[in-house]
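Okay, structure first, notes after.
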Amino acid sequence: MSAAPARRIAPPPFLADPALRAVLAALPEARVVGGAVRDALAGRPVADVDLATPRRPDAVIAALRAAGLKVVPTGIDHGTVTAVSGHRGFEVTTLRRDLRTDGRHAEVAFTDDWRDDAARRDFTINAMSLSSAGEVFDYFGGIGDLAAGRVRFVGDAPTRIAEDYLRILRFFRFWARYGGGAPDAAAVAAIAAAVPGLARLSAERVWQEVKRILAAPDPRAAVALMADLGVLRAVLAEGAVPARLDRLVAVGAPADPLLRLAALLDGDPAALAGRLRLSAAERERLEALRAAPALSPTADDAALRRALAGEARDVLLGRAWLAGGDAGLLARLAAMPVPRFPLRGRDLRAAGVPAGPELGRLLHELHAWWLGTGCTGDVRAELARRTAART
């Protein structure tokens, strides 16, 4: 087994979590791996905590059960089980090394060598591990890269990309969140040469990574680099205008991936939604954001009420952000109650209107009348007036 370059740090707070401690007590040789180590060293909140161990899966299961913990074989074929402790799940994966890769999937074998396992990870900042005592094991210079804002592939960049072309998009995701200064030259050259490999990825995986890139606090530099290297054209074939995203971020719009996509996209939203297989809700919202111009900042309250009666508030706010983020319009839209048309078909039947085409036509007319009043008119009185006039 490879020598371990350990660096002791003050144990991060999440290591004191009793639920995690129970798992580590059952598997004392296990280490925290991946994003939790990276974020702890970066001083960022830690979300999911994943563990690795040299024990084989059957031994992991036996040890966890002996400690009274529930075990779920979530990815047993790949060496992963989930330990349930404190009503939370902790993935525990046996150390692995790659035997063969095909550009998206890998055939792996178990190992007891921590360096071999670290060597199959994508970037140096994701290849560190942390013991329960607060020792960081860093085989490829991840600590220095994290401090320098450098996102660097583990080992040879072209080889790592050819193992899994999704790593191209993951590079931009991590550079958007952790990068600083000029991007790593070896990574940039390797990505530029490997852009055609993106066509091998599933649409769903592409969209998930694009969404994560756009969710970064400030994705402008990452998106600009994607455009320079031909990556943006490959994943947003309908067309994209990074300058519009730049303006949206500059005015302080929320870090909303769909809103940012609506700004960036320069093509048919429906075509993109179908090609990248956005969910029905995502597609509907993207199309709505692009379907109409924003309200004018000088629109009166009646116009705002009419708009809120017909469109979701977040869509109207999104359009306002896309139009430049007028602070007054945004504040008014956020504060104004959503008007609700108070009549239903049963109300008209109770007033003596027979079921059928006449009821539907009258309900439509009343709704239009109500909108014309700025959604403030007494529509029940108007119904009474109209039904009285019919008798």
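Laboratory data are not the source of any read-out in this text; all were calculated from the coordinates shown. In this text, all values refer to a predicted model and were calculated from it rather than measured experimentally. Methodologically, a virtual Cβ is constructed for each residue, glycine included, from the backbone with ideal geometry; neighbour enumeration extends over all protein chains shown.
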The chain: Rg/Rh from Cα coordinates, Kirkwood Rh?
-> 1.12
Distance in nm between label sites at Ala388 and Asp300, each 7 Å beyond Cα in the beta-carbon direction?
-> 2.7
Under the Karplus relation 6.51 cos²θ - 1.76 cosθ + 1.60, θ = phi - 60°, what is the ordered set of whole-Hz ³J(HN,Hα) values for region 256-264, x standing for Gly and Pro?
-> 9, x, 5, 5, 5, 5, 4, 6, 6
Net dipole in debye of the chain [+1 Lys, Arg Cβ; -1 Asp, Glu Cβ; about Cα centre; nearest 20] = 880
Convex hull of region 197-351 built on C-alpha atoms - directionally averaged projected area, nm² | 11.0
Rel. contact order, % - alpha carbon contacts under 8 angstrom, at least six apart, the chain | 10
Over region 1-148, what is the relative contact order in whole percent, taking alpha-carbon pairs under 8 Å and six or more residues apart?
-> 30
For the chain, the longest stretch holding no trypsin sites (Lys or Arg not before Pro) located in a DSSP loop with at most 10 other Cβ atoms within 10 Å is which?
-> 1-339
Considering only DSSP beta bridges with both partners in the chain, what is the antiparallel share in %, to the nearest 5?
-> 85
Subtract the Cα-Cα distance of Phe341 and Asp58 from 0.36 nm times their separation in residues, and report this length gain in nm to one decimal.
-> 95.7 nm
Between beta-carbons, use under 12 Å as the cut-off and find the net charge around Gly181, counting Lys and Arg +1, Asp and Glu -1.
-> -1
Everything considered on the Cα gyration tensor (a ≥ b ≥ c; rounded for a/c under 1.5, else prolate if a/b is larger than b/c, else oblate), region 1-148 must be described as oblate
Taking the square root of 5λ for each eigenvalue of the C-alpha gyration tensor of region 261-391, the equivalent ellipsoid has semi-axes, largest first and in whole angstrom, of 35, 20, 10
Karplus ³J(HN,Hα) for region 199-215 (6.51 cos²θ - 1.76 cosθ + 1.60, θ = phi - 60°; Hz, whole; x = Gly/Pro) runs 5, 7, 8, 6, 4, 4, 5, 4, 5, 4, 6, 4, 4, 5, 4, 6, 7
Can you find, among Ala271, Ser296, Pro13, the residue farthest towards the positive end of the dipole of the chain? Put +1 on the C-beta of Lys and Arg, -1 on that of Asp and Glu.
-> Ser296
